[in-house]
Amino acid sequence: PRLRAELDARGDFAVHARVAPDQTSAEADIAHGRVVVVVVVGADGRPARVLIDGSNLLTATTAQRELTVLQKAAPTSGPPLGVRVLYNPSFNSTTFMIPGLIGIIMTQVGLVLTALGVVRERERGTIEQLMITPVRKLELIVGKTVPYLLIGLGDFLVVLLVAWALFGVPVRGSVPLLFGEALLFLVATLGMGLLISTVARTQLQAMQMSVFVQLPQMLLSGLIFPLAAMPWGVRWISYALPLTYFVSVSRGVLLKGVGPGELVPETVALSVLAVAYVGLAAVRFRKTLD
């Protein structure tokens with residue numbers, strides 16, 4: 001109770017009322033992303049150990065620093081409180097950043113190349129030539145997006161291999177699971193790129209709009225800054241960006257080894273965004289051609 005009162009008084013942590021029955025359950029809460037810091041209480045009722053989620057580098061370093069300050073400000077007569085950092089104990093920035101960078105690289109393919117490719121065809125007049133053929137509009141959309149989907153999936157496999165072999169990023173979870181999530185993410189991103197192509201009239205406009213959409217994904221997706229640290233007036237934009245969910249999926253699968261059961265919210269969100277962006281782009285694409 002005293003430790004909780006101290007944490008509440010400092011205001012640096014949002015203290016949860018939930019008490020895990022054992023350390024295994026507490027570590028599961030960290031793996032699922034429900035909490036960032038866990039205080040393990042010994043048999044005598046006193047804090048014995050602190051567990052910190054190291055997969056989120058900024059949050060983990062802040063938590064460790066604040067706990068150190070708290071111990072110095074309120075020393076106890078017992079042994080010092082041990083701190084154990086899970087999933088990224090050395091606070092390696094490479095381990096923290098590369099799972100998110102996988103999504104950034106796929107965004108380049110799905111967003112920028114798709115938008116530029118379709119607009120380039122419109123500038124050259126080849127789309128109008130295709131429309132006088134028996135090819136239907138849906139088939140045209142699929143034909144324009146599937147090559148970029150395959151390129152994006154190929155990039156995903158190459159970057160994942162490089163991350164593991166060259167940078168030493170651990171792969172603790174299922175690669176097929178991550179591949180399926182990457183497929184959903186790419187479909188949503190391709191929908192955004194196709195939607196941009198229905199608005200832009202030149203390749204320069206398509207490039208500018210792609211950058212305008214891509215920058216918020218880098219800054220507001222949790223790739224660098226934690227979502228909890230963002231004001232709500234800006235944070236709501238994050239929930240409409242596919243990269244927000246893929247960053248969580250990538251770090252969860254690679255660093256924590258989570259399974260499909262723990263990724264249900266992210267999978268549902270990516271599926272909804274994929275249907276929404278592709279559907280809206282298809283409607284706009286038909287109206288543009290008409």
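The values are calculated or read from the model by the stated rules, or taken from the named source; none is laboratory data. All figures in this text were calculated on a predicted structure; none of them were measured in a lab. All Cβ positions, even for glycine, are placed from backbone atoms using ideal geometry, and neighbour counts span all protein chains on display. Surface areas here come from the heavy atoms of the whole protein model, side chains and all, with no ligands, DNA or RNA. Shrake-Rupley method; radii C 1.70, N 1.55, O 1.52, S 1.80 Å.
As an exercise: evaluate Gly103 against (1) open to solvent by less than 20 Å² (accessible area, probe 1.4 Å); (2) assigned to a helix (DSSP H, G or I); (3) over 25 Å from Val187 (Cα atoms) and give the number of the one condition it does not meet. Among (1) open to solvent by less than 20 Å² (accessible area, probe 1.4 Å); (2) assigned to a helix (DSSP H, G or I); (3) over 25 Å from Val187 (Cα atoms), the lone unmet condition for Gly103 is (3). Just a yes or no: is a residue in the stretch 122-129 among the aliphatic types (A, V, I, L, M), closer than 30 Å to Val253 by Cβ and either in a helix (DSSP H, G or I) or at pLDDT 85 or above (or both)? No, because not a single residue in the stretch 122-129 is among the aliphatic types (A, V, I, L, M), closer than 30 Å to Val253 by Cβ and either in a helix (DSSP H, G or I) or at pLDDT 85 or above (or both). When Val272 is tested against (1) part of a helix (DSSP H, G or I); (2) in contact with a Leu (Cβ under 9 Å, 6 or more places away or on another chain); (3) open to solvent by 30 Å² or more (accessible area, probe 1.4 Å); (4) not small (Gly, Ala, Ser), just one condition goes unmet, and that condition is (2).
Number of residues in the stretch 210-232 that are in a helix (DSSP H, G or I) and open to solvent by less than 60 Å² (accessible area, probe 1.4 Å) equals 7. Which one of these does Val135 not meet: (1) among the hydrophobic types (A, V, I, L, M, F, W, C); (2) assigned to a loop (DSSP other than H, G, I, E, B); (3) under 30 Å from Ser55 (Cα atoms)? So Val135 meets the others, but not (3).
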